[in-house]
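Each remark here refers to the structure printed beneath this line.
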Amino acid sequence: MATDLAKPPVQAAPSEPGRASGRVPFRTALRRYRWLYLMLVPGLVYFAVFKYLPMYGLTIAFQDFVPFLGYSGSEWVGFKHFEALFTGPDFGRLMFNTLFLAVLTVLFVFPAPIVVALMLNELRVSVLKRSIQSLIYIPHFLSWAIVASLTYLLLAVDFGVIARFVHDLVGGPKVDYVAQPDWFRPIIIVQTLWKATGWGTIIYLAALAGVNPNLYEAARMDGAGRWRQFWHITLPTIRPTIVVMAILTSGNLLDASFEQIWLMTNSLNRSVADVFDTYVYYIGITQGAFSYSTAVGLFKGVAGALLIFGSNWLAKRLGQRGLF
Amino acid sequence: MSVNHYKSFGSRVFDALNILLLTGLALVMILPLLYVLAGSFATESEIATRPFFLWPEKFVTDTYAYIFGTDTFVRALVTTICVTAVGTAVQVMLTLTMAYPLAKRYLPGRTLVLNLVIFTVVFGGGMIPTYLVVRDLGLLDSYWALILPLAINPFYLIIVKSFFQELPQALEESARIDGCSEMGVFFKIVLPLSKPVIATFSLFYAVGIWNDYMSPLLYIDDSSKWTLQVLVRQFTSADAENALAQLDSVFFPAEGLKFAVVVIATLPILLFYPFLQKHFAKGVLIGSVKE
């Protein structure tokens, strides 16, 4: 996304001939480009206040933070909160729930757009293809609150379409799905599939659109059937895209969607629903344990950053373009 | 790809199956929405008795009349529209003004700032420290808390920066030679050339604010300042009965109400959908293909 970052801005842009050749003292630059620097100020203030100040605020993970005493006045306690997290009763459950959802995501959510994109690619009636694309993109734009509400409406015990279908037509038992811990993970995965699959096809369809039609032509001349064309031309085309997407996905392994999980959590399914992000909210905001919850968040943040760097490194090792 | 290829029997069966499956998929994506729309115009008894329908037997607008008669809903609707409008304007302005200087390769310090921006994508303070900053700024229960903490999306910033970099520099240069200040170049030359980008990112930001549930959850306690998304959640969740009990009326179409709230919170997105689809798809590809 920002490959030009690595290169120092050695030569002046064509619009500034001879002006910025070589290094100029910063004060000179400040005067020469004062308007540009001035335009930078609001954005810098934003990043300082809402991004870097909270990073400084992470220090409270090593304190017993008392809002009244502030960041500098609160007592330092070292790794007390991390010890409490790792030895406490919640850690195992949080890790298990987070990783379980991650595994389900890799198994079901990740391959879905690939399959659908390949199916769309085989669809030769372009009107039909475009209409289907338009319809399956829609869920991407709906909020998690809407998706959660739709889920409640469709699964409601007394009037929900799906609940009643199971009960009235198939003769199954009356089940309050959204309150059952057993149904929590399937519901989360189906919601994600519904919301993200169609949209996820875009990137694969773009890769598929880049195939030279002559390749198919030549393959047909050589007597290759549809299956062999698919296997030897279509699939190799999107393989690099699949690899990059796989690596990006693994970088987000711990990022279960806070909004989605929080909206589907209730007092009955909390044991399976709690993941790191919702736990931080619950302990930090509703119970006011700022230091402990910050420690939990910091643990997740560091683990997530390591995963991103790790997968980026892996991407480059495999000869793919990294994220940075 | 319209070359007539050899159609074996297996190939035909595959095509038929493929069309069937994809059509089924498209229906799964759209039917829940159509059902909720139909349900919002149906009577209570119809919702209770008919398992699934796309057209109500008896067409009523009770729920909507009720909704637009309550303060709670109208207030949330107006709040959400205003916050989205103001927020989008603020966020787009901040993003554009920051992206422009960052697009100038000759600007000393640019690399440092860009790296600082990229770093925030990988690592951040997280929920609680950000909450404490918002609280210390006195923004709790303020609508600004729904706008400012998300004011600049680093990804959007980088994409806009790349776009600015590719504008023809000759135009900017000739304006400068004509005595135009850097601000003048930005407002008179760069912004008019950037209309498609501004449209795209206005939509990105607007959808983000409209759909945001986490910010109001974190920062807004006062129920009179709720946005639509929070209201939707309140009325359809497991503890909806409590929320419904708070309403100031003895009778209300309880189930139909849930349907109608969802429709109202979804409608603007669907109305803008044709524009969204066009611009968003482009944005996804710019973000992924352009390095």
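The values are calculated or read from the model by the stated rules, or taken from the named source; none is laboratory data. The structure presented is a predicted model; accordingly, all values stated were derived computationally and were not measured. When we count neighbours, we look across all protein chains shown, and the Cβ atoms used for this are built from the backbone with ideal geometry, even at glycine.
Laid out as a table, the results:
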quantity	calculated
Single unsatisfied condition, B:Thr84 versus (1) touching a helix residue (DSSP H, G or I) at 6+ places or on another chain (Cβ under 9 Å); (2) more than 13 Å from every other protein chain (Cβ to nearest Cβ)	(2)
Hits in the range B:44-75 - residues which are surrounded by fewer than 16 Cβ atoms within 10 Å (Cβ to Cβ), assigned to a loop (DSSP other than H, G, I, E, B) and among the β-branched types (Val, Ile, Thr)	B:Thr61, B:Thr70
Residue check for A:Leu253: among the aliphatic types (A, V, I, L, M), within 12 Å of another protein chain (Cβ to nearest Cβ) and within 20 Å of A:Thr98 (Cβ to Cβ)	no
Which numbered condition B:Ala145 fails, given (1) away from chain A (no Cβ under 11 Å); (2) under 18 Å from the mean Cα position of the chain (by Cα); (3) over 18 Å from A:Gly43 (Cβ atoms)	(1)
One residue from B:Leu150, B:Leu116 being out of contact with any His (no Cβ under 9 Å at 6 or more places or on another chain), free of Cβ contacts under 8 Å to residues at least 40 places away in the same chain and either at the interface with another protein chain (Cβ under 10 Å from one of its Cβ atoms) or β-branched (Val, Ile, Thr) (or both)	B:Leu116
Residue within the range B:95-104 that is surrounded by fewer than 20 Cβ atoms within 10 Å (Cβ to Cβ), part of a helix (DSSP H, G or I) and either at pLDDT 95 or above or acidic (Asp, Glu) (or both) present	yes
Boolean, B:Thr63 is within 10 Å of chain A (Cβ to nearest Cβ) and either out of contact with any Ser or Thr (no Cβ under 8 Å at 6 or more places or on another chain) or in contact (Cβ under 8 Å) with a residue 12 or more places away in the chain (or both)	no
Residue in the range A:43-77 that is farthest from the other protein chains (Cβ to nearest Cβ), counting only those that are among the β-branched types (Val, Ile, Thr) and over 30 Å from B:Leu102 (Cβ atoms)	A:Val77
In the range A:43-84, the residues that are of a type in the set (A, V, I, L, M) and more than 16 Å from B:Ile128 (Cα to Cα)	A:Leu44, A:Val45, A:Ala48, A:Leu69, A:Val77, A:Ala84
Matching residues, the range B:197-226, being polar (S, T, N, Q), more than 17 Å from B:Leu148 (Cβ to Cβ) and either outside the structural domain of B:Leu132 (by TED's automatic domain parsing) or crowded, with 18+ Cβ neighbours inside 10 Å (or both)	B:Thr200, B:Asn211
Residue, modelled with the highest pLDDT, within the range B:245-289, restricted to residues that are at the interface with chain A (Cβ under 8 Å from one of its Cβ atoms) and over 24 Å from B:Ile209 (Cα atoms)	B:Glu255
Matching helices (runs of 4 or more DSSP H) fully within the range A:72-184 where at least 3 residues are over 27 Å from A:Ala273 (Cβ atoms)	A:111-122, A:126-137
Selected residue (criterion: surrounded by the most Cβ atoms within 10 Å (Cβ to Cβ)) from residues of the range A:78-96 that are touching a residue at least 60 places away in the same chain (Cβ under 8 Å) and under 30 Å from B:Asp136 (Cβ atoms)	A:His81
Some residue of the range A:97-111 being within 17 Å of B:Gly24 (Cα to Cα) and either more than 8 Å from chain B (Cβ to nearest Cβ) or free of Cβ contacts under 8 Å to residues at least 60 places away in the same chain (or both)	no
Per-region count, the range B:207-230, residues away from chain A (no Cβ under 11 Å) and not in a loop (DSSP other than H, G, I, E, B)	3
Qualifying residue in the range A:3-26 (condition: at pLDDT below 90, surrounded by 14 or more Cβ atoms within 10 Å (Cβ to Cβ) and touching a helix residue (DSSP H, G or I) at 6+ places or on another chain (Cβ under 6 Å))	yes
Residue match in the range B:180-196 (condition: part of a loop (DSSP other than H, G, I, E, B) and loosely packed, with under 14 Cβ neighbours inside 10 Å)	yes
Filter result for B:Val3 (surrounded by fewer than 17 Cβ atoms within 10 Å (Cβ to Cβ), modelled with pLDDT of 90 or more, at the interface with chain A (Cβ under 8 Å from one of its Cβ atoms) and out of contact with any Leu (no Cβ under 8 Å at 6 or more places or on another chain))	no
Selection within the range A:268-285 - within 23 Å of A:Val77 (Cα to Cα) and more than 8 Å from chain B (Cβ to nearest Cβ)	A:Phe276, A:Tyr279, A:Tyr282, A:Ile283
Out of B:Thr84, B:Thr111, sole residue that is of a type outside the set (A, V, I, L, M, F, W, C), under 29 Å from B:Leu231 (Cα atoms) and crowded, with 18+ Cβ neighbours inside 10 Å	B:Thr84
